[in-house]
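See below for the structure under consideration.
The values are calculated or read from the model by the stated rules, or taken from the named source; none is laboratory data. Predicted model only: the values in this text are computed from it and were never measured. No Cβ is skipped: glycine too gets one built from the backbone with ideal geometry, and neighbour counts run over all protein chains shown. Accessible surface areas use protein heavy atoms only, side chains included; no ligands, DNA or RNA. Shrake-Rupley method; radii C 1.70, N 1.55, O 1.52, S 1.80 Å.
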Amino acid sequence: MQTQSPKHTPSKQRSPKKPFIMWALFLLIVIIGGGATYAAYQTKSSVDKTYLAAHGASHAKVSTSKPVSILLMGTDTGALGRTDKGRTDTMMVVTINPQTKKATMVSIPRDTLVKIDGTNETEKINAAYTVGGASTSMKTVENLLNVPINYYALINMGGLEKVVNAIGGVDVNVPFSWNDSHTHMSFKKGKAHLNGKRALAFSRMRYEDPNGDYGRQKRQQQVIQQIVKKVTKTGNVTMYQKLLKLMSHNMKTNLSFTDMISLAENDKDSIKHVKKSSLKGVGAYINAESFQVPASKTLQRTSNTLRTSLGLPKQTLDNFNTQENQRNTKNGFDWQSGNNPTYTVDDQNSNSQK
């Protein structure tokens, strides 16, 4: 057995200048909202710049009857043109079902323990993109939750402030009062209207939140939902055109222009009813590196939710995570502990480079 730290483990101190908000539903805003189809046709060249195929993806043609799933990812780089890929410090699985007219949004913590698809490396899930790009991230999530991922949308962190300012700010409910140690901004509990700069700070803060990354995920989801609500309500074609141009410089996706138009025409009602949740894990250490390890029952519950939303039958999970969880349970791992116990990985299931 080994408790070796992963090859690509990031440093514990992250740059406070790198925002961790995932505004990838920006994609869904401009392609699903009222009036978006017309705006998209007018700016097809901008949309085409965002296309980047994902090899081996479980492609499902967008139609009036078939549900689809999209992996939304936010990288920790300032721009897609940088030479380093960065890590996807925000990941969300979104499903859209045109039959039930409902959607789901599940956040996956960046420190979730996984086995990277196509390798024998155990890692934090945010490293999957670094290892093999969008395709590897999609397959790794598929393996973790036993859910087909049809599409991805990859957003860099440089555009949120501009997007929020372009729509005139967003209204949020601040869950508690805090003073941001990085930006030196203050937030008071209650309703607030945020410009781009403050929306970015509201979305990225983690250390002052008593719930850590899980609290941040809820705030990110709140900002995303408010952006969706405001943009789809206006139906302003000029605004759509402006956002599409911003998108062309800040996003990559394997959704084709035709797919986007199909979503706009067929699935716009689904995002009005979004069920939000997070894949919560137990804090644990592998060779002094902290991870979030989701219990098997949590993985199963999340898999059931997503598969049901896609019209698929429930299936009992049997993968790397459930096998390791079972072995660690037999060895006395305390799933109720809040003291970050050590979690071991069997060498037979993982041959991480030492």
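Details
- Of all residues in segment 282-298, those being under 21 Å from the mean Cα position of the chain (by Cα) and in a loop (DSSP other than H, G, I, E, B) number 2.
Matching residues to (1) within 20 Å of ASP213 (Cα to Cα); (2) surrounded by fewer than 22 Cβ atoms within 10 Å (Cβ to Cβ); (3) of a type in the set (D, E, K, R):
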site	(1), (2), (3)
LEU144	yes, no, no
ASN150	no, no, no
GLY169	no, yes, no
ASN173	yes, yes, no
SER181	yes, yes, no
SER186	yes, yes, no
LEU194	no, yes, no
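- Taking first residues from segment 292-317 that are more than 15 Å from THR100 (Cβ to Cβ) and at pLDDT below 95 and partners that are open to solvent by less than 40 Å² (accessible area, probe 1.4 Å) and of a type in the set (D, E, K, R), the Cβ contacts under 7 Å between residues at least 6 apart in sequence or on separate chains come to GLN292/ASP111.
- Residue list for segment 112-122, restricted to those being surrounded by 23 or more Cβ atoms within 10 Å (Cβ to Cβ) and modelled with pLDDT under 95: THR122
- In the set ALA284, ALA288, only one residue is closer than 30 Å to ARG219 by Cα, in contact with a Ser or Thr (Cβ under 9 Å, 6 or more places away or on another chain) and at pLDDT below 90; that residue is ALA288.
- Matching entry among ALA103, ALA127 (being crowded, with 23+ Cβ neighbours inside 10 Å, within 19 Å of VAL345 (Cα to Cα), among the small types (Gly, Ala, Ser) and in contact with an Asp or Glu (Cβ under 9 Å, 6 or more places away or on another chain)): ALA127
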